[in-house]
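Since every read-out is calculated from the coordinates, none of them should be taken as a lab result. Computed from a predicted model, the values in this text were never measured in an experiment. Cβ placement follows ideal geometry from the backbone for every residue including glycine, while neighbour counts extend to all protein chains displayed.
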Amino acid sequence: MPLVTETIQVNGVRCERCVMRLAKMLEGHEGLEAANANLLGHVTVTWDDERTSREALLEAMARGGFRELESI
């Protein structure tokens, strides 16, 4: 079970309620082992690379209105 951990910067996080909404979007996601978000929009996720992907997690977050910020 190859676990991957990454911190992704997303937009749309403005308050504690946004953090809770983001958690709801990821809740129950197949293969997600852990997720932690903060008010700065940093989302640290750990997932089983055999059961899900970074792209699938980004799609789940996007359904809640959270999009990855481009690296500068």
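What the table below lists for this structure:
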item	result
Test: residue in the range 17-33 that is basic (K, R) and touching a residue at least 40 places away in the same chain (Cβ under 8 Å)	yes
Failed condition for L58, given (1) touching a Cys at 6+ places or on another chain (Cβ under 9 Å); (2) at negative phi	(1)
When residues of the range 49-72 are limited to those that are part of a helix (DSSP H, G or I) and in contact with a His (Cβ under 8 Å, 6 or more places away or on another chain), the one farthest from R14 (Cα to Cα)	A56
